Structures are given as structure tokens and as C-alpha cells.
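The values are calculated or read from the model by the stated rules, or taken from the named source; none is laboratory data. Predicted model, so just to flag it, every value in this text is computed and none were measured. With ideal geometry, Cβ positions are generated from the backbone for all residues, glycine too; neighbour counts draw on all protein chains shown.
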Protein chains: 2
Amino acid sequence: MRPVAVIGAGKTPFGIFADRDLRSLAVEAGEKCLRNCHVAPGQIESFYLGNFAGPSFTGQNHLAPYISTALGIMDVPSTRVEAACASSGSAFFHAWAEVAAGIYDIVMVVGVEKMTSRNTAQVNEILAEAGDCSGEMRAGNTFASLFAMIARRHMFEFGTKKEHLSAVAVKNHANGALNPDAQMRKVITLEQAMKGKPIADPLNLYDCSLISDGAAAVILAPLERAHEFTDKPVRVLGIAQASDYVALDQKDDITTFPAVRRAGEKAYQMAGVTPRDIQFAELHDCFTIAEIIATEDLGFTGRGEGGPYAFEGHTARSGERPVNTSGGLKAKGHPVGATGVAQICDLVLQIRCEAGDRQIPRHSLGLAENLGGSGATCVVSILGAA
Amino acid sequence: MRPVAVIGAGKTPFGIFADRDLRSLAVEAGEKCLRNCHVAPGQIESFYLGNFAGPSFTGQNHLAPYISTALGIMDVPSTRVEAACASSGSAFFHAWAEVAAGIYDIVMVVGVEKMTSRNTAQVNEILAEAGDCSGEMRAGNTFASLFAMIARRHMFEFGTKKEHLSAVAVKNHANGALNPDAQMRKVITLEQAMKGKPIADPLNLYDCSLISDGAAAVILAPLERAHEFTDKPVRVLGIAQASDYVALDQKDDITTFPAVRRAGEKAYQMAGVTPRDIQFAELHDCFTIAEIIATEDLGFTGRGEGGPYAFEGHTARSGERPVNTSGGLKAKGHPVGATGVAQICDLVLQIRCEAGDRQIPRHSLGLAENLGGSGATCVVSILGAA
């Protein structure tokens, strides 16, 4: 397999855009990305769309050619991948595989979701379809209640505290405040975070990611051709996708995600690095507890130590391993199908030293972790300066 | 790229199964397929699910790990592909690419759809989401009305007659009557077919494919390893996926599908064969006119000559190039997300000489064409005896 580089990246802001439809968001991100690496639509040899629930949110299905033709990309394979909140992470994985294997040279991946045309109850119902609807969801769960159980068990097993969760929210809000494309640009205090409106105890409003509209796009090429398109290629050093049970009750232990561990191990092995080498990361903080567990499952800290690790500031911009300098799903926003590719875009910005006010000093090796559902799909990507 | 073989195939019957859910259908097909080639779930290195609208039909999303874990396939990449009625054809294409490129050896593809839990009006609404919902569908179209316009224009341009369309229905019903797994096992006369209940003039009930439940599965491996698993490997000689506009009104000419022509050309080139070499085919007869146009776009007959070609019996089991010996979408059934892989299974049965009463004598080189929407996605696969 040959080395692969991200040659271009482009994103829309994330937020609530009442006047924008799904296609216009995807096209905006796609066109920014094409311009970013001076690639013409006719040069794209294969197109991937990551989208979770466009049909349910917007009434439009068959979304890959619907969007690729609007970008002027004709004739070539145009494929939608769905893997819950890991939809575009998975699309990115498959696009990488095509380029690495030499099937195609120039492959584009767009992730998009348009959620805010539905009200919050409808959104929760559509999101719940990523859980096991014949079991856990039929029993009345939402993803917030599933992750509340996970948090409660993590507290019981390891002594994780509410303030540990809240510290993640405070950090991600602080980072989001510096990101002009973030949906929520509001600094909050630990006291505010602790006292948020209850959602599913112990999770409150500040522990939950946002409901968002947005899109993100990247273009991949063989590393040896990358300089035809950009002065700042970013290399994909390691990447893996893994799977596990959809239903939480099928898992032996709900305080760890085997798919995250598995994808992480494979990605580290491919990249030839260890967790210690990772300088910064975008982790899937759909809920604050998910970021804490991800820091454990990916080996940034020991099992059960993710709460204090966050609380003590190790994942802050000034810490030893900054996590979610973009603001994460918590503050940047979480248009479900866009999130995986948006994480890649955020790694690219840091690695290229283009992250503006939130730029960190050690930024040459970053990791993205994109989680689907309560852990049934995970994609881990490790990117570095080429 | 290395040669790839289908080493195993398995299908459920297609029909209306009130007591079966989506997962149980997919698992039945998957288990039959695993047994067919003596592969254990733990040997599968990558899993693909082709599914069009599971969330809308059944309320369950995130379907790939939901099904792969139920088959005992753990940890590995588990990916859902959606491309309207070409969902599992596209999944098959991507699985082939992974094996051909040497990324994995043993890759499984399952296609499934559970449609009959919704009433006909709901089904039509869900299917319509594969068209352009901001334009043609908002104007009141269904897929039947879109294909009626296509048929009407084909009649105007080329003199195609209603009896040409009906001849396709008569043939596919005759074939389906010999297929124990077909949903509709009823021989009809040309007179009956001509007098069907009107749906969207000139299409009547007998011109339209069925609403079905069902699943199909195949496993792919490098040709050089195929004999570890089966005495009857079937080689993938050529395959391609292509795309085009979703909306019919964006096309210059609605009597031909550029994505079919494009995918066909690429698949023929890869296989090193011409249309003349193809001995039999499974074509996407979502409507009778679609089969007629496919015989033209794939070069079995000349432009505009597909109607007489069918009417004169050239595509009958006893003709020069049998089409849809399975009964096609018309009589076998059309569980949307299962159709692409089911076509591959039907080619495999003929090539292995296991097609029972519908076995044809010249069966060593077959083609499958899987169409999404009104032509925005097409996958063409050419399979032959290994």
C-alpha cells in the first residue's frame, strides 16, 4: 500500500442555518475544498459522501450523486456511507483505502448533516435509530440516557466525579470560543457547567453535544503526487475502522469501547507510533464522558484515569496533549454526518499551522477518533506533517 | 490488481414476510452464504451492507454493525452503503475493490430490505426519496410516473409499442414461475399483461416491479485462494460503478442512461469482452421499459431496438441472450437494498449450473446491471466460470 496525503480541506461554519438546505451546505464545503488544492471537479476519480440520516432529517435519499453532480463531478463512482455518527469517518477510511491500494489517485470525501429543520424531539428520535431500536431504545432510552448510564458506571468503578465531566465542557467551550466556525463561542466556568439544566443524570446540558447543520470536505491523493496540488500536504500515517455490538446491553463492560481500542491499536501499529507520540487529538465528545473514556481507550492515560486527566488540564490547549482544540462536538457543533471529516479538517488546520487563535505549538502529529452510536463503529486516523 | 472470485452465495426467498424483521432476513442470507463456502464468521475481514432505506422502512439505522455482529462478525470494518436501488450493487463493487487491491482477502457483502411493514402509499413515498425531492418529486411524481415518461418518450422516438413492454413482463413472469425463491410464480399471457390495472400510462401493474422483503449475500476472495473454500468459484471479470444526475429533468435525453453506458463500457473493457460475448444477464427491470433500455445501453441490441428485441424472444430463456432468468425484479421481487447482490447470486447459480428448472445451456459468462433511481447510480458486473 502506498502513502496517502490529504491535499485539500474545506468546511462550512457549523450552526443553525434556517435558510440553507443539505445540498447547499455540502456544495459549499466541497467547493472550498476543491479551491483549497486547486483541483477541478473533473479530476475527482471517486466520490464518497458520509451522511447519517439525510432521508429522515430532510426527506432526500440517494444523496451521493445528488451532491457530487451538484459539484460538477460526473460519471465516477459516487457512494454514500452510513455509520451513525461515524459516517464520514468511515467514508474517509474507505477513500483512504482506495488511494492507498492504487485504485484511484484523486478521491473526495464530503460529510454533511442538516438537522435543525426538525425540532429537538424529532432529532432525538432520529438519532435514537442509531441504537438498538428493538431493545434499548424501545425501552425508552435516548443516547443521552445511554451515555448517562455509562457515566454513572464509570463513576462507580473509578471514582470519576461530576466536576471531571464538567471540566471537559469548560475546556471545549474555551476552545470553541476561539474558533470562528464554531456554533457555540461562549466561555463557561466550572460552576456554570456543573449547574447546567439536567438532561439525564449525571449528564446536564453542558455535557451534551449540539444539534447542528454543517458540512466538511477533504481530498486525498498519493503522497508522491501531493505536491502537484498543495505546498502543505498532510500525510495519513495510520487509519483503521472497527465495529462492535450496537446495543449497550450486549457489552461485557460499558466503561470502555472495544471498537475504539481496536481501531486505535491498528492505527498506531500502521503509523508506527505509540499513544505517547500523539501531540494533539480531536476526540468524539458527543457527551463529556465519551471524551474521557476515549483518552483512556486510546492510551493517553490509564484505565479509569480519564476524569482526573481532563480535570488537571492535561488535555487543555496548554496541556501535554490538547484535545478538541476546535471546540469539539460540544462547542464546534455536531452535524452528525459531517463530524468525521470535520475532525480531519481540524487536524489539517493545526498541522498546517493555520488554526488561528487556537493554534498549538506542538502540532505535527495528531489523532482523530470518530465514534458511531454507543460504540458500534469507530474510526481512528493519525495524521502528520508530510 | 489481482483477480477476485465469488466463493459463496446465499439468499432468502423474496416475498411478503409479516413475521420476519430486517435483521433476521439479513442473518438468514448471511448464514446460508457462510455455509455455502465453509467460511467461519471470524474469517471475514471486512463486511459491507447494502441497504437503501432501512431507517424509513423499519426505524433502525446504523445497520451494518447491527447485522454483522448478529452474524458473529466482530471487530472488523462494517460499513453500510446506500445508493438507492443500486445499494448492494455498490456495496459489491467496493468489496471487490478491497479484495482486488489486496487490502483484505475475505470480504462479505449482504444486501437487505424489509419493505412490507409499510403500506403501498408509504412505500411509494419512501422510494420517492431516491428521486430529486426538491424538484421532480415535489411536483407529484413517483418512480412509476418518471419511468412512464421515459417509456412514452421511447415510444415517440423509436416506435416502441405497449406490447414490447408487456413482452418483458410475460417473459419475466415465465422465468419467475420456475424460481422457487421468487415472490410471483404466475405465468401470464401477453393479453393479460396488456390489460393490467393502469398505474402511470403507458405502464400498468405488470410493468412494475414488486414490493418485497428479502436479503442476499456473497463472499469474495482472491481467485488464488478460492479453492480453499469452494470447488465452484466464480470469477469477477469486470466491474464498474458510475453516476449521473438524480433528477430526470437535468438529463439531455431520457431514453438512455449515461451511467449504465459508462459502467458497461468500463466493465467490458476490464473483462476484455464485448456485448456480443455476454451469454446471459440479470438486468434491472424496476419497470419493463428499464429492461428494454438496458439491453440497448449495454449494447445487446441497437439504440431504440430494445422493444422488438424483447418482443421477438431474443431475451427469453430459449433466445440468443436470456435476460432475467431469475424472474427479475418483476417476478422474483425487488427488496431494494438486496437486489444488487441477489443479481450476483443469480449469475452464480447459472454459472455453477445450479439454477434448477430455469438453468440455461450457455451459462459461462453473465452480466448484472443494478440501477439506482432513474439512473443516477449504476453498477455493472461481469462474472464468469473460473
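Details
- Checking the range A:73-84 against the condition returns a match, with at least one residue being crowded, with 24+ Cβ neighbours inside 10 Å, at positive phi, outside the structural domain of A:Val341 (by TED's automatic domain parsing) and of a type in the set (A, V, I, L, M).
This table checks each residue for (1) hydroxyl-bearing (Ser, Thr, Tyr); (2) out of contact with any helix residue (DSSP H, G or I) (no Cβ under 6 Å at 6 or more places or on another chain); (3) within 25 Å of B:Asp181 (Cβ to Cβ).
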| site | (1), (2), (3) |
| --- | --- |
| B:Ile289 | no, no, no |
| B:Gly307 | no, no, no |
| B:Ala310 | no, no, yes |
| B:Arg317 | no, yes, yes |
| B:Glu320 | no, yes, no |
| B:Val323 | no, yes, yes |
| B:Gly340 | no, no, yes |
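- The number of residues in the range B:345-372 being surrounded by 24 or more Cβ atoms within 10 Å (Cβ to Cβ) and either more than 24 Å from B:Gly50 (Cα to Cα) or within 14 Å of chain A (Cβ to nearest Cβ) (or both) comes to 3.
- Complete set of residues in the range B:225-244 that are within 13 Å of chain A (Cβ to nearest Cβ) and of a type outside the set (Ser, Thr, Tyr): B:Ile239, B:Ala240, B:Gln241, B:Ala242, B:Asp244
- Sole residue being assigned to a loop (DSSP other than H, G, I, E, B), in contact with a Gly (Cβ under 6 Å, 6 or more places away or on another chain) and either at pLDDT 95 or above or not basic (Lys, Arg) (or both), chosen from B:Gly299, B:Gly375, B:Gly319: B:Gly319
- Residues of the range A:43-53 that turn out to be small (Gly, Ala, Ser) and either within 7 Å of chain B (Cβ to nearest Cβ) or surrounded by fewer than 24 Cβ atoms within 10 Å (Cβ to Cβ) (or both), as a count: 1
- When B:Ser88 is tested against (1) of a type outside the set (Phe, Trp, Tyr); (2) crowded, with 24+ Cβ neighbours inside 10 Å; (3) within 22 Å of A:Glu98 (Cβ to Cβ); (4) within 7 Å of chain A (Cβ to nearest Cβ), exactly one condition is not met: (4).
Matching residues to (1) more than 16 Å from A:Leu237 (Cβ to Cβ); (2) in contact (Cβ under 8 Å) with a residue 60 or more places away in the chain; (3) in the same structural domain as A:Ala84 (by TED's automatic domain parsing):
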{"position": "A:Thr274", "(1), (2), (3)": "no, no, no"}
{"position": "A:Cys286", "(1), (2), (3)": "yes, yes, no"}
{"position": "A:Thr315", "(1), (2), (3)": "yes, yes, no"}
{"position": "A:Arg321", "(1), (2), (3)": "yes, no, no"}
{"position": "A:Lys330", "(1), (2), (3)": "yes, yes, no"}
{"position": "A:Ala338", "(1), (2), (3)": "yes, yes, no"}
{"position": "A:Leu349", "(1), (2), (3)": "yes, yes, no"}
{"position": "A:Arg358", "(1), (2), (3)": "yes, yes, no"}
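- A single entry from A:Arg303, A:Arg321 fulfils the requirement of being within 20 Å of the chain's Cα centre (by Cα) and farther than 15 Å from A:His173 by Cβ: A:Arg321.
- Meets criteria (acidic (Asp, Glu), assigned to a helix (DSSP H, G or I) and under 21 Å from B:Thr256 (Cβ atoms)) for B:Glu163: no
Yes/no per residue for (1) more than 19 Å from B:Asn324 (Cβ to Cβ); (2) aliphatic (A, V, I, L, M); (3) within 14 Å of another protein chain (Cβ to nearest Cβ); (4) assigned to a helix (DSSP H, G or I):
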site: B:Phe147; (1), (2), (3), (4): no, no, no, yes
site: B:Asn175; (1), (2), (3), (4): no, no, no, yes
site: B:Arg185; (1), (2), (3), (4): no, no, no, no
site: B:Ile199; (1), (2), (3), (4): yes, yes, no, no
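- Residue tally, condition buried (at least 18 other Cβ atoms within 10 Å of the Cβ) and either within 14 Å of another protein chain (Cβ to nearest Cβ) or assigned to a loop (DSSP other than H, G, I, E, B) (or both), over the range A:1-12: 2
- In the range B:13-36, residue surrounded by the most Cβ atoms within 10 Å (Cβ to Cβ) [restricted to those that are touching a Pro at 6+ places or on another chain (Cβ under 9 Å) and in a loop (DSSP other than H, G, I, E, B)]: B:Phe14
- When A:Ala267, A:Ala247 are checked against the criterion of being surrounded by fewer than 22 Cβ atoms within 10 Å (Cβ to Cβ), within 14 Å of chain B (Cβ to nearest Cβ) and modelled with pLDDT of 95 or more, A:Ala247 stands alone in meeting it.
- Residues considered: B:Ala167, B:Ala200, B:Ala193. Of these, the only one that is within 18 Å of B:Ser318 (Cα to Cα), surrounded by 15 or more Cβ atoms within 10 Å (Cβ to Cβ) and touching a residue at least 24 places away in the same chain (Cβ under 8 Å) is B:Ala167.
- Members of the range B:193-220 found to be among the aliphatic types (A, V, I, L, M) and farther than 17 Å from B:His334 by Cα, listed by number: B:Ala193, B:Met194, B:Ile199, B:Ala200, B:Leu203, B:Val218, B:Ile219, B:Leu220
- Scan of the range B:155-174 for residues that are in contact with a helix residue (DSSP H, G or I) (Cβ under 6 Å, 6 or more places away or on another chain) and of a type outside the set (Gly, Ala, Ser), ordered by number: B:Thr160, B:His164, B:Leu165, B:Val168, B:Val170, B:Asn172, B:His173
- B:Pro308 without any contact (Cβ under 8 Å) to a residue 12 or more places away in the chain and either over 17 Å from the mean Cα position of the chain (by Cα) or not assigned by TED's automatic domain parsing to the domain that holds B:Ala182 (or both): no
- Residue selection: B:Val336 satisfies the criterion of being within 14 Å of chain A (Cβ to nearest Cβ) and either of a type outside the set (S, T, N, Q) or within 26 Å of B:Ile150 (Cβ to Cβ) (or both).
- Within the range A:54-85, the set of residues being β-branched (Val, Ile, Thr) and either assigned to a helix (DSSP H, G or I) or at the interface with another protein chain (Cβ under 7 Å from one of its Cβ atoms) (or both) comprises A:Thr58, A:Ile67, A:Thr69, A:Val76, A:Thr79, A:Val81.
- Selection within the range B:91-111 - within 11 Å of another protein chain (Cβ to nearest Cβ) and either free of Cβ contacts under 8 Å to residues at least 12 places away in the same chain or in a strand (DSSP E or B) (or both): B:Ala97
- Here B:Gly375 meets the list (1) in contact with a strand residue (DSSP E or B) (Cβ under 8 Å, 6 or more places away or on another chain); (2) within 14 Å of chain A (Cβ to nearest Cβ) almost entirely, failing just condition (1).
- Each residue in the range A:203-225 was checked for being exposed (fewer than 15 other Cβ atoms within 10 Å of the Cβ) and in contact with a Gly (Cβ under 6 Å, 6 or more places away or on another chain), and 1 pass.
- For A:Glu129, the test of being under 29 Å from A:Leu367 (Cβ atoms), within 7 Å of chain B (Cβ to nearest Cβ) and modelled with pLDDT of 95 or more is passed.
- Of all residues in the range A:112-131 being touching a helix residue (DSSP H, G or I) at 6+ places or on another chain (Cβ under 9 Å) and free of Cβ contacts under 8 Å to residues at least 12 places away in the same chain, the one that is surrounded by the fewest Cβ atoms within 10 Å (Cβ to Cβ): A:Gln122
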